[in-house]
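Trainee: A single structure is presented below for examination.
The values are calculated or read from the model by the stated rules, or taken from the named source; none is laboratory data. Nothing here was measured: the structure is a model prediction, and the numbers come from that model. FYI the Cβ positions are ideal-geometry reconstructions off the backbone, even for glycines, and counts take in every protein chain you see. With ligands, DNA and RNA removed, areas are computed over all heavy atoms of the protein, side chains included. Shrake-Rupley method; radii C 1.70, N 1.55, O 1.52, S 1.80 Å.
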Amino acid sequence: MKIPCPLCGARDSREFSYLGHAGLLDRPAPDAGDAAWDDYLHNRDNPAGVTEDLWSHDYGCAAWVVVTRNTATHGILSSRLAKDGAA
Amino acid sequence: MAFSALRVLKEGLTGNSGWTPHWRDPAPKDEYDVVIIGGGGHGLATAYYLAKDHGITNVAVLEKGWIGGGNVGRNTTIVRANYMMPGNSEFYSHSLKLWEGLEQDLNYNVMHSQRGQITLFNSDGARDAAMRRANAVINQGDDAELLSVGQLKKTLPYLDYDQTRFPIYGGMLYRRAGTARHDAVAWGLARGADRRGVDIIQNCEVTGIDTQGGVVQGVQTSRGPIRAKKVAIVVAGRSAQVAAMAGMRLPIESHVLQAFVTEGLKPCIDHVVSYGMLGHFYISQSDKGGLVFGGNLDGYASYAARGNLPMAEHVCEAAMTLMPMIGRAKMLRSWGGIMDMSSDGSPIIDKTHIDGLYFNGGWCYGGFKAIPASGNCYAHLIAQDRPHPAGAGFRLDRFATGRGLMDEEGTGSQHNLH
C-alpha cells in the first residue's frame, strides 16, 4: 500500500504511522461535557467503504496527512495535509 | 442422530450411507422469542445455551452467509485462558472450563487438543511481565509453569536459542491451553442448538432493526420481516453496520489481522508457541499438518479481509528468527480477518439503549477461545436480563465512565494502541 504524501509524493506505507479516523481533528471544546468527550475518544462510525483517516509521515517529512481511502478495498482516493483543516 | 464409536464402526462397514444432515434448513417463521443476528461461533453458542440452560427454544439464528463461513472459520484456533485483568480473567477461565466439557456436552468431536501453550520471553523485563501474568492466572484458579532455557531446549529443540538479537530467556507453559478444530466448533454448536429446536437460517441478511417507543419489535431481513420479543446482535467484524441500524455508534474500529499456513508437514511443532520480540508471533501445527501462524494487526482500519505485505514480511522474519527450520516449508496461503477492535482491547456483552436489544462484540483478535463463555454469558443476559457473573465486566458504559476498563496491555483505552 502506497500513501500519497502531499509533500513527498507516493511513499511506502511503512514510512507512516496510523492514528485513526480524521474526526479526531474535530476536538470538542474543553467544556463540551462528558458525553461529547466520550464520543470523541471512543466511538467511531467505522465505515465499510470510503473513510478519512490520519497518517503521520514519520519516516519522511513528519507531516500529518488526511488520507481518503476505501476500507473495503484498500484503494486510496486522495490525501491532503491535516493542517489545511477539513475538506 | 448421536455419535458414538459403535456408530462410526457400523457406518464404516455399511458404506457411510446412514449419516444425515447435522441441522435442518427451516424457512423463517413470522415470530420468535429471540432472534440472534449472526450465525458465527458466538451466535450459535448463544442459541445453544439459551436452549440448554434457559429452556428458550423458540429462537432463530440469522446468518447472512453460511455456517462456518465467517470469522469462526478464519481464525488460528487457539484456546487459552492467560488473561490478567479483573473481568477478563474470570471470563476466560470460565470459557476454558466450558471448552473442557464441550465435546461431551455436544456429543461432537471438536478436536479440542490441550497440547499446551509456551509463551517465550526475551529479556528480564519480559520475564517479570510473564511471571506477573502467570501469577494472575494461578490466582484465577488455573495453572502456569515457568520453564528454564534448559527445560525449553528439551521441549522445543528446534528453536534458535543462540541468536544475538532476541535471545530466549525462558518460557511460560500453560498446559491446559491448546487448539480446537474451528469448523467443527461451529458445526457442533449448530447441531446442538438445532437438536434443541433452534432454527438456523442461512443466507438471511438482516437489513433493519424494528423498534417502537424504545422497544425492539423484530428485524427486517432479505427473507422478509421477522417479529421478535428480543433481538441479540453478535456479528463480529460487522458490528458497526448492524448497530447503526439501531442508531448506535460503538467504541469499535475494524482492523485486519493476517494469518498464514504452510503446506502439510509431518508432526514437528507439538505446542502452541508464541514469541514476544519487538512485535508478536505465534505458531501451532494443525492436525492436517499445516503450520498455522500469525502476528499483529496490520494497523489501520480495514474491511478488506486481506492484509498488506509489510506485516506478512514482519511475521515471516519473526518465524525465521525463532525457528530457522521453517524456511524450508512452503507457504500455502494467507488471509485476513476483520477484527472488532474496541478501544480498551476487551469485549462488550451488554444491553443497549433499546429494550429487548442486546449487543455482543468487540472481541478484537481473541474471539475464538471465548466462544463457549460468550454464548453462555450472552444467553444468561438475554434470558434473565442481568449479566452472568463471569461476563459482568464487559459493560458498554465502561468507556464513558472509565470504571472497569480492561486494557490487558496496559496501554490505556485508545483505539490505535491495541
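Trainee: Lysines near residue A:2 by alpha-carbon distance under 25 Å, same-chain residues fewer than 8 away left out - which ones?
Mentor: A:83
Trainee: Still on this model: Label residue B:162 and residue B:222 with points 7 Å out from Cα along Cα→Cβ: what is the distance between them in nm?
Mentor: Each label point lies 7 Å from its Cα, and together they span 5.8 nm.
Trainee: Calculate, in nm to one decimal, what residue B:9 and residue B:123 gain on full extension: separation in residues at 0.36 nm each, minus their alpha carbon distance.
Mentor: 35.8 nm
Trainee: Report the Cys residues of the protein assembly as shown lacking a disulfide-compatible partner, meaning no second Cys Cβ under 4.7 Å from their Cβ.
Mentor: A:61, B:204, B:268, B:316, B:364, B:377
Trainee: Separate question: Enter the Cα centre distance for the pair segment B:380-418 and segment B:182-219, rounded to the nearest angstrom.
Mentor: If we compute the Cα centre of each part, the gap is 24 Å.
Trainee: Taking a cut-off of 16 Å between Cα atoms, list the aspartates and glutamates near residue B:266, but don't count ones fewer than 8 places away on the same chain.
Mentor: Qualifying aspartates and glutamates at Cα under 16 Å: B:287.
Trainee: Is there a simple number for the mean count of other chain Cβ atoms within 10 Å of the Cβ of residues in A:71-83, and what is it? Let's see the in-between values first.
Mentor: Numbers: counts 10, 5, 4, 9, 1, 0, 0, 0, 0, 0, 0, 0, 0.
Rounded to a whole number, the mean comes out at 2.
Trainee: Report the residues of segment B:339-365 in range of a label on residue B:215: point 7 Å along Cα→C-beta, backbone N strictly under 14 Å from it.
Mentor: B:354-357
Trainee: Over 27 Å between Cα atoms: which of B:64/B:369; B:52/B:369; B:97/B:153 fall into that group? Mind showing how you got there, number by number?
Mentor: Working: B:64/B:369 23 Å; B:52/B:369 20 Å; B:97/B:153 30 Å.
Table pairs above 27 Å Cα-Cα are B:97/B:153.
Trainee: Shifting gears a bit: About the Cα centre, and with charges only on the beta carbon of Lys, Arg (+1) and Asp, Glu (-1), how big is the dipole of segment A:2-84? Nearest 20 debye, please.
Mentor: Details: 8 positive and 12 negative charges, 101 e Å.
The dipole magnitude comes to about 480 debye.
Trainee: How big is segment A:2-84 on each of its three principal axes, counting only the C-alpha atoms and giving the largest first in Å?
Mentor: 40, 27, 20
Trainee: Before we go on, tell me the buried accessible area for the A/B pair, both chains summed, 1.4 Å probe, in Å² to the nearest 100. Please report the intermediate quantities before stating the final value.
Mentor: On the way: alone 5590 and 17990 Å², together 21460 Å².
Approximately 2100 Å², summed over both chains.
Trainee: Right, another one. For residue A:83, project a label point 7 Å along Cα to C-beta. Then give me every residue of segment A:8-26 with its amide nitrogen under 17 Å of that point.
Mentor: A:8-9, A:25
Trainee: With every protein chain left in place and a probe of 1.4 Å, what is the accessible surface of residue B:161, to the nearest 10 Å²?
Mentor: Surface accessible to solvent at residue B:161 totals approximately 30 Å².
Trainee: Quick check for you: which residues of segment B:47-69 have the amide N under 18 Å from the point 7 Å beyond the Cα of residue B:229 toward its beta carbon?
Mentor: B:47-61
Trainee: Further, regarding this structure: State whether the protein assembly as shown is rounded, prolate or oblate according to the following rule on the C-alpha gyration tensor (a ≥ b ≥ c being the square roots of its eigenvalues): a/c under 1.5 gives rounded; otherwise a/b larger than b/c gives prolate, and the remaining case gives oblate.
Mentor: oblate
Trainee: For residue B:27 and residue A:76, what does the FRET efficiency come to when R0 = 45 Å and r is the distance between their Cβ atoms, rounded to the nearest 0.05?
Mentor: The pair residue B:27/residue A:76 has a calculated efficiency of 0.55.
Trainee: Which whole number gives the average, over all residues in A:7-16, of C-beta atoms from other chains lying within 10 Å of the residue C-beta?
Mentor: Values: counts 0, 0, 0, 0, 0, 3, 6, 6, 0, 2.
Across A:7-16, the average partner-chain Cβ count within 10 Å equals 2.
Trainee: Let me ask something else. Can you tell me the FRET efficiency between residue B:131 and residue B:155 if r is taken as the Cβ-Cβ distance and R0 is 22 Å, rounded to the nearest 0.05? Working shown, then result.
Mentor: Numbers: r = 19 Å, r/R0 = 0.84.
FRET efficiency, residue B:131 to residue B:155: 0.75.
Trainee: Please give the peptides B:209-218, B:185-194, B:39-48, A:15-24 ranked by average Cβ packing (other Cβ atoms within 10 Å per residue), highest first, as a rough proxy for protection.
Mentor: Details: B:209-218: 16.0, B:185-194: 26.2, B:39-48: 31.6, A:15-24: 17.8.
Ranking, from highest mean packing down: B:39-48, B:185-194, A:15-24, B:209-218.
Trainee: Same structure, new question: Tell me which GluC sites (Glu not before Pro) from segment B:1-94 have a DSSP coil assignment and no more than 15 other beta carbons within 10 Å of their own.
Mentor: Sites meeting the loop and neighbour criteria: none at all.
Trainee: While we're on this one: Among B:16, B:71, B:376, which one shows the biggest mean-square fluctuation in a GNM of chain B, springs joining Cα atoms closer than 10 Å?
Mentor: B:16
Trainee: Let me check something: with ligands and nucleic acids excluded, how do B:230, A:2, B:266, B:29 order by accessible area (1.4 Å probe), largest to smallest?
Mentor: Sorted descending by solvent-accessible area, the residues read B:266, A:2, B:29, B:230.
Trainee: Can you list the aspartates and glutamates whose alpha carbon sits under 20 Å from that of residue B:29, skipping same-chain ones fewer than 8 residues off?
Mentor: B:63, B:194, B:199, B:205, B:210
Trainee: Leaving out ligands and nucleic acids, note down the accessible area per residue over the protein assembly as shown with a 1.4 angstrom probe, in whole Å².
Mentor: Heavy-atom SASA per residue in the protein assembly as shown reads 42 Å².
Trainee: So for the protein assembly as shown: antiparallel DSSP bridges make up what percent, rounded to the nearest 5?
Mentor: In the protein assembly as shown, approximately 75 percent of DSSP beta bridges are antiparallel ones.
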